[in-house]
1. If I ask for residues that are more than 19 Å from the chain's Cα centre (by Cα), at pLDDT 85 or above and buried (at least 17 other Cβ atoms within 10 Å of the Cβ), which ones from region 155-185 would you list?
2. Can we say I253 is at pLDDT below 70 and part of a strand (DSSP E or B)?
3. Can you name every residue in region 13-53 that is part of a loop (DSSP other than H, G, I, E, B), at pLDDT below 85 and either over 27 Å from the mean Cα position of the chain (by Cα) or not β-branched (V, I, T) (or both)?
4. Return the only residue of I342, I374 being under 30 Å from the mean Cα position of the chain (by Cα), of a type in the set (V, I, T) and more than 30 Å from V279 (Cα to Cα).
5. Which condition does Q381 not pass, out of (1) in a helix (DSSP H, G or I); (2) in the same structural domain as I16 (by TED's automatic domain parsing), if it passes all the others?
6. Going through I359, I326, I318 one at a time, which residue ends up being in a helix (DSSP H, G or I) and surrounded by fewer than 17 Cβ atoms within 10 Å (Cβ to Cβ)?
7. Would you mind finding the one in R79, R61 that is surrounded by 11 or more Cβ atoms within 10 Å (Cβ to Cβ) and of a type in the set (K, R)?
8. Taking region 292-315 on its own, how many of its residues are assigned to a loop (DSSP other than H, G, I, E, B), in contact with a helix residue (DSSP H, G or I) (Cβ under 7 Å, 6 or more places away or on another chain) and farther than 17 Å from P163 by Cβ?
Amino acid sequence: MKLADFSIKHPAIITIILLALVFFGVLSFRSISQSLFPDIGLPSIIVFTAYPGVSPKDIEREVTDPLEKELSTMPGVQRITSSSRNSVSFITVEMDWDTNLDMKIGELREKINGAMGNLPEGIQGVPMLFKMEANAMPIYSVSVLSDIERQTLTRFAEDEIAPVLSRIGGVAEVNVHGAPPQIVDIKVHLNQIESKGISVLDIFQLLKSNNVSLPAGSVVFQNQSLNIRTAAEFSSISEIEQMVIGYRDTSFIRLKDVAEVSLREKRAETETISNGEDVIIVDVYKQPKSDTNTIIIEAKKVIDTFSRDYPGILSFKIVADQTADIKLAINSVKNAAITGGILAVAVLLLFLLSFRTTIIIAISIPLSLLLAFIGMRLKGQSFNLMTLGGLTVAIGMIVDNS
């Protein structure tokens with residue numbers, strides 16, 4: 001039995017199916033997330049290695065080449081490109097498009113661990129891995145302005161504002177930047193260390209050995225294995241000043257006795273300026289498949305709360321907000337689709353001169369879109385420039401096929 005014959009003989013069943021299609025289509029439409037661009041995971045991983053004080057040529061010979069040789073044996077690798085610069089090595093590993101990057105990072109880590117024996121001892125820690133993602137731009141950025149000193153303001157943003165924003169559902173990461181990093185400045189009095197029989201190299205080695213965090217094994221407690229670390233990192237200038245560097249005449253020699261220790265700002269390579277003022281920027285990044293609009297609405301509520309709690313002390317200004325771009329893009333595509341659908345129906349009516357045929361085609365357009373919304377919801381797709389553009393093209397194809 002043909003579908004047309006079945007539909008004519010069983011109108012009640014067809015009506016129920018159409019009503020169910022409309023019901024679930026509307027539900028799907030209301031629950032589909034919105035974003036400016038689709039979630040596309042680029043199949044690339046960056047391997048970053050720091051080797052301070054080494055020239056680009058030595059970086060390439062001692063770090064980049066051994067890692068490239070080891071990583072090239074991995075299955076699924078399409079291409080490896082590298083860049084060796086002063087003190088750092090960047091290696092980009094491009095995978096097949098159907099590669100699961102989360103699984104590949106584990107394999108890459110094993111390969112890097114296998115190559116560690118061929119790397120120089122002077123590299124900083126273990127090479128770091130970063131996934132290249134299409135959504136590597138913030139969906140919401142806000143500047144924080146205050147008369148408070150910038151370093152203090154940065155710590156407040158990192159300790160108070162960022163954790164609250166991070167707890168919003170769908171937020172992947174919150175970054176705070178703007179203030180130049182601080183470094184510890186130690187000015188050693190050479191005449192004093194010479195008189196006490198201490199060298200600058202001794203002080204350097206003591207600073208290095210006293211500022212470490214190392215694994216100390218594990219213990220089993222209530223059938224659970226717990227890892228233990230020995231934390232011996234400096235947390236304040238006072239701790240550095242009190243560090244013992246020698247012993248003479250029944251008394252300890254501390255660093256403050258032979259040197260001046262202070263904090264200073266490192267020369268900034270980039271500056272964050274808004275309306276001619278140095279500001280702190282808070283960037284919010286979203287997780288894949290999450291709703292951009294919902295995240296930004298919740299983020300604005302958090303910022304409004306801090307504005308009310310600290311009146312006259314903190315002020316905020318929106319730097320980037322994707323909701324406006326999303327609304328503009330969606331409305332543009334939606335208006336184009338509606339206009340195109342109306343014009344298509346009008347042209348059909350003009351040339352077919354059949355009101356009944358035109359009505360059938362006109363009804364098929366929204367029903368087909370509702371069915372598409374159900375499919376998008378089941379597949380976890382979002383409303384974005386790509387999917388809305390595809391729906392617009394589909395409207396024309398529906399008219400042609402009708």
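1. Hit for region 155-185 is F156, nothing else.
2. no
3. Residues satisfying the conditions are S33, S35, L36, F37, P38, D39, G41, L42, P43, P52, G53.
4. When all the criteria are applied, what remains is I374.
5. With respect to (1) in a helix (DSSP H, G or I); (2) in the same structural domain as I16 (by TED's automatic domain parsing), Q381 is out only on (1).
6. Residue meeting the stated conditions: I359.
7. One residue alone meets the criteria, R61.
8. So the answer is 0.
The values are calculated or read from the model by the stated rules, or taken from the named source; none is laboratory data. Small disclaimer: the values here were computed from a predicted structure and weren't measured. Cβ atoms come from the backbone with ideal geometry, glycine included; neighbour counts cover every protein chain shown.
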